[in-house]
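One structure below.
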Amino acid sequence: MGKEFLIAGNWKMYKNADQSRAFILELAKTFAPVTGLTVAVFPPFTALAGLRGLDARIKIGAQNMFYEEKGAFTGEISPVMLQGLVDYVLLGHSERREIFKESDDDVNKKVRAALQFDLLPVLCVGETLQEREAGKTMAKIKNQLEKAARGLENSEMGKITVAYEPIWAIGTGRNATPGQAQEVHHFIKGVWREMAPGQKLKILYGGSVKPENSLELLAQDDISGVLVGGASLNVEQFSAIIHSCAQLLNK
Ligand code: PGA
């Protein structure tokens, strides 16, 4: 079907360095490489250095970073520090936006910094339940996309992966239906086409993705992967999601 899938696991504030290494070694035993399928995990910062080169089939991402290269920013991690350790960096996750008060402007600066230092941004967008019920989903998403991509060159836009994560579906066990997700993904594609003519876009769905719903979500036309939280902490479950994707590719 010609899609390039990305199955990504966001570990949030779980797993220390040893647990992260052990997980990757275990996970690597459970799947064979499949053309068209990339697997990535996003462990905490403290685990990243120990994961370098551990298994070439499993890409590594960071969950966040600051946008400055260096300086007096106690407690922050710069894009330069991530170079050589990760391929991807998750930016604008709703937990960062809500709990740590990251603004659209911060997210924009981070996206620009990531691209400047050759890290591939996975840009998260999504609406609250209140916004969905008020019919404001598309407006919210469009606004987040436009603000995050402000000032980027067309070619830079081609390096971004978007993750659509309805906030009401994160960690709640209540996923968007495949139809609801597809509708927003289709919309995002249209917005992106206008903002970055000619650039392809990979859009992941995130929010209570589990082995039970991954196949149906991945089968939607405009869904090119999933960003998995809770279920990515368990080798069996995450592996089952990877297998559902492989199953789709082998059809
Ligand atoms: P969840 O988290 O799969 O536990 O809902 C997804 C995310 O926050 O990326």
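The values are calculated or read from the model by the stated rules, or taken from the named source; none is laboratory data. Small disclaimer: the values here were computed from a predicted structure and weren't measured. Reconstructed Cβ throughout: ideal geometry from the backbone, glycine too, with neighbour counts over all protein chains shown. The area values use the complete protein model at the heavy-atom level, side chains included, leaving out ligands, DNA and RNA. Shrake-Rupley method; radii C 1.70, N 1.55, O 1.52, S 1.80 Å.
Please tell me the relative contact order of the chain in percent, rounded to the nearest whole number, where contacts are Cα pairs under 8 Å and at least six residues apart.
20 percent.
Convex hull over the alpha-carbon atoms of the chain: what's its volume per residue in Å³? Could you put the intermediate results ahead of the total?
Values: hull volume 29.7 nm³, N = 251.
Roughly 118 Å³ of hull volume per residue.
Set the Förster radius R0 to 41 Å, insert the Cβ-Cβ distance between residue 35 and residue 72 as r into 1/(1 + (r/R0)^6), and round the FRET efficiency to 0.05. Could the numbers behind the result be given before it?
Numbers: r = 47 Å, r/R0 = 1.13.
So, using R0 = 41 Å, E works out to roughly 0.30.
Please compare each pair in 140/202; 29/147; 70/147; 15/251; 29/110 to a cut-off of 30 Å on the Cα-Cα distance and tell me which ones are over it.
29/147; 15/251; 29/110
So what does the Cα-only Debye profile of the stretch 181-250 read at q = 0.19, 0.26 Å⁻¹, as log10 I(q)/I(0), no solvent term?
-0.74, -1.09
For q values of 0.19, 0.20 Å⁻¹, compute log₁₀ I(q)/I(0) with the Debye formula on a Cα-only model of the stretch 10-112, without solvent.
Evaluating at q = 0.19, 0.20 Å⁻¹ gives log10 I(q)/I(0) of -0.99, -1.06.
Would you mind checking which residues have amide H under 5 Å from residue 9's amide H? H placed 1.01 Å from N; only 5 or more apart, or other chain.
Here 40, 41, 42, 228 satisfy the definition.
Multiply the residue separation of residue 21 and residue 56 by 0.36 nm, subtract the distance between their alpha-carbon atoms, and state the gained length in nm to one decimal. List each step's numbers first, then the result.
Values: separation 35, 0.36 × 35 = 12.60 nm, distance 1.32 nm.
Taking 0.36 nm per residue and subtracting the Cα distance, the gain is 11.3 nm.
Can you give the FRET efficiency for residue 100 and residue 221, using 1/(1 + (r/R0)^6), R0 = 30 Å, r = Cβ-Cβ distance, to the nearest 0.05? Before the final figure, lay out the partial values.
Details: r = 34 Å, r/R0 = 1.14.
For residue 100 and residue 221, the calculated efficiency is 0.30.
DSSP loop trypsin sites (Lys or Arg not before Pro) in the stretch 166-244 with at most 13 other Cβ atoms within 10 Å of their Cβ, which ones?
On the way: sites: 174, 189, 193, 200, 202; in loops: 174, 200.
For trypsin sites (Lys or Arg not before Pro) across the stretch 166-244 that sit outside H, G, I, E and B with at most 13 neighbouring Cβ atoms in 10 Å, the list reads 174, 200.
How far, in nm, would the chain grow between residue 154 and residue 80 when pulled straight, counting 0.36 nm per residue and subtracting the alpha carbon separation?
Numbers: separation 74, 0.36 × 74 = 26.64 nm, distance 2.32 nm.
That pair, residue 154 and residue 80, stretches by 24.3 nm at full extension.
Within 10 Å of each candidate Cβ there may be at most 16 other Cβ atoms; applying that plus a DSSP loop requirement, which trypsin sites (Lys or Arg not before Pro) in the stretch 73-136 survive?
Numbers: sites: 96, 97, 101, 109, 110, 112, 132, 136; in loops: 101, 136.
Counting only loop positions with at most 16 other Cβ atoms within 10 Å, the trypsin sites (Lys or Arg not before Pro) in the stretch 73-136 are 101, 136.
Skip the ligands, DNA and RNA, and give the accessible area per residue of the chain with a 1.4 Å probe, whole Å². Kindly include the intermediate steps, with their values, before the conclusion.
Values: 11560 Å² over 251 residues.
Accessible surface, normalised per residue, equals 46 Å².
Residue by residue through the stretch 40-54, which ³J(HN,Hα) values in whole Hz follow from phi under the Karplus form 6.51 cos²θ - 1.76 cosθ + 1.60 (θ = phi - 60°), with glycine and proline marked x?
Using θ = phi - 60°, the values come out as 9, 10, 10, x, x, 3, 5, 8, 4, 4, x, 9, 4, x, 5 Hz.
With runs of 4+ DSSP H residues as the only contributors, calculate the mean residue ellipticity of the chain at 222 nm using -39,500 (n - 2.57) per run, divided by the residue total and rounded to the nearest 500. Could you put the intermediate results ahead of the total?
Working: 11 runs with 101 residues, N = 251.
For the chain, the value works out to -11500 deg cm²/dmol.
Just to confirm the filter: which GluC sites (Glu not before Pro) across the stretch 46-103 are DSSP coil and have at most 16 other Cβ within 10 angstrom of their Cβ? Intermediate values should be presented prior to the final figure.
Working: sites: 68, 69, 76, 95, 98, 102; in loops: 68, 69, 76, 102.
The qualifying sites are 68, 69, 76.
At 0.36 nm per residue, and after removing the present C-alpha to C-alpha distance, how many nm does the segment from residue 180 to residue 128 gain when stretched out fully? Walk me through the numbers on the way to the answer.
Numbers: separation 52, 0.36 × 52 = 18.72 nm, distance 1.40 nm.
Gain on extension, residue 180 to residue 128, equals 17.3 nm.
Any idea how far apart residue 136 and residue 14 come out in nm if each label point goes 7 Å out from Cα toward Cβ?
3.1
Which of the helices in the chain meet the span-like rule: DSSP H, Cα axial reach of 20 Å or more, Kyte-Doolittle mean at least -1.0? Let's see the in-between values first.
On the way: long enough: 178-195 (25 Å, -0.71); 235-249 (21 Å, 0.96).
What comes out of the filter, once short or polar helices are dropped, is 178-195, 235-249.
Any idea what diffusion coefficient the stretch 55-166 gets from Stokes-Einstein, in µm²/s, Kirkwood Rh on alpha carbon pairs, 20 °C, 1.002 mPa s? Present the calculation step by step, with values, prior to reporting the outcome.
Working: Rh = 14.6 Å.
Taking Rh from Cα pairs, D becomes 147 µm²/s.
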